[in-house]
Amino acid sequence: MPNKLHRILILGGTAEARELAARLADEAHFSPLTSLKGVTRTPSKIAGDIRTGGFGGVDGLSSFLREEHIALMVDATHPFAAQISAHAVQASKQSGVPCLRLERAPWSVQAGDDWHQVADIESAVQAIPAKARALVTVGRQVVAPFFAREDIHVVARMIEEPDIGLPSHAELLLARPPFSRAQEKALMQEKRITMLVAKNSGGDATYTKIEAARALKLTVIMIERPDKTQTTTALNVVEMMGLIELTLS
């Protein structure tokens, strides 16, 4: 690759996005700019430049790509962030700036797992039987429908407090992963959890809760990923670095 400084826009919010920014910042011919939606109030440290907030839809993102002389965009948002992923692909077509996606592989059912796979949050809420004690790990933005179920006990774990009040039949645990399998198992036993509710986010950081549920023979209500607009995708940062070099060569 020629000795030209390439400005790379990373649509971030994941551990992979932070790792990619660090790898790019270590290379003399790359200048990473990570964009965060601003949902997390205390994000982890990120190498390179950072911007916070939305773009104003597809047109706004297209204009940003052109005005900031972005050479390439990497969608490294959460696997469930379908809207921004769709906007990224559309803005890429409008602006002519290449768009690649960095998205870890989903988890798959293993021997000993008892998964009840559902399509969305609403289906997950409905799938919980009355009188269940559910460990809910879906994030603060979508936890409200679970709190509305007054016939179950909800133990909601998330990184930051939700913007809604906590009902009497729910508990709130504020913690940032990763957690060990022993920690997850101990938590489920202490709280007398009868089922786990999780998004199929993939990756290693939170997989231990799936392992703990398997060990305790608990049902997992697994929310499957939304469909996304297709684009060239890497499953890890090493693959993505190769794709970036190839695309800009």
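For the stretch 21-83, the set of trypsin sites (Lys or Arg not before Pro) satisfying both a DSSP loop assignment and a count of at most 13 other C-beta atoms within 10 Å is given as Arg41, Lys45. Phi angles of the stretch 71-78 translate, via the Karplus equation with coefficients 6.51, -1.76, 1.60 and θ = phi - 60°, into HN-Hα couplings of 7, 7, 10, 10, 7, 10, 6, 4 Hz per residue; Gly and Pro are given as x.
Of Lys131/Lys185; Lys45/Lys217; Lys4/Lys93; Lys4/Lys199, which sit over 29 Å apart, Cα to Cα? Walk me through the numbers before you get to the answer.
Numbers: Lys131/Lys185 21 Å; Lys45/Lys217 37 Å; Lys4/Lys93 23 Å; Lys4/Lys199 40 Å.
From Lys131/Lys185; Lys45/Lys217; Lys4/Lys93; Lys4/Lys199, over 29 Å: Lys45/Lys217; Lys4/Lys199.
Within the listed set Ile121, Ile164, Ile193, the residue fluctuating most in the Gaussian network model of the chain (springs between alpha-carbon atoms under 10 angstrom) is Ile164. Using the reciprocal of the averaged 1/r over all distinct C-alpha pairs, how large is the Kirkwood radius of the chain in Å? Hydrodynamic radius (Kirkwood, Cα only) of the chain equals 19.4 Å. For the chain, modelled as a GNM with alpha-carbon contacts under 10 angstrom, which of Arg225, Arg133, Arg176 fluctuates the most? Per the Cα network of the chain with a 10 Å cutoff, Arg176 tops the list. The trypsin sites (Lys or Arg not before Pro) of the stretch 149-249 that DSSP puts in a loop, and whose beta carbon has at most 14 other beta carbons within 10 Å, are Arg192, Lys217. With Cα atoms as the point set, the stretch 105-144 shows a radius of gyration and Dmax of 11.8, 33 Å. Summing +1 for each Lys or Arg and -1 for each Asp or Glu among the other residues whose beta-carbon sits under 12 angstrom from that of Ile10 gives +1. Between Ala22 and Ala111, the simple spin-label model (points 7 angstrom out along Cα→Cβ) gives 3.5 nm. Hull volume per residue, based on the alpha-carbon atoms of the stretch 105-224 and their convex hull, is 95 Å³. Among Thr219, Thr229, Thr14, which one moves the most in a GNM of the chain with springs linking Cα atoms closer than 10 Å? Result for the chain, Cα springs under 10 Å: Thr229 fluctuates most.
Net charge around His29, counting only other residues with Cβ within less than 13 Å of its Cβ (Lys, Arg = +1; Asp, Glu = -1)? Please report the intermediate quantities before stating the final value.
On the way: positive: Lys4, Arg7, Arg23; negative: Asp26, Glu27, Glu245.
That works out to 0.
Among beta bridges identified by DSSP and lying wholly in the chain, the antiparallel ones come to about 0 percent. Among residues other than Ser85 with Cβ under 13 Å from its Cβ, the summed charge is +1 (Lys and Arg +1, Asp and Glu -1).
Rounded to the nearest 500 deg cm²/dmol, what is the calculated helix-only ellipticity per residue at 222 nm for the chain, with -39500 (n - 2.57) per DSSP H run of length n ≥ 4? Don't skip to the end; give the middle numbers.
Values: 8 runs with 77 residues, N = 249.
So the helix-based figure for the chain works out to -9000 deg cm²/dmol.
Every read-out reported here was derived from the displayed coordinates using simple, explicitly stated rules and does not represent laboratory data. This one's a predicted model, so the numbers in the text were calculated from it and none came from an experiment. All Cβ positions, even for glycine, are placed from backbone atoms using ideal geometry, and neighbour counts span all protein chains on display.
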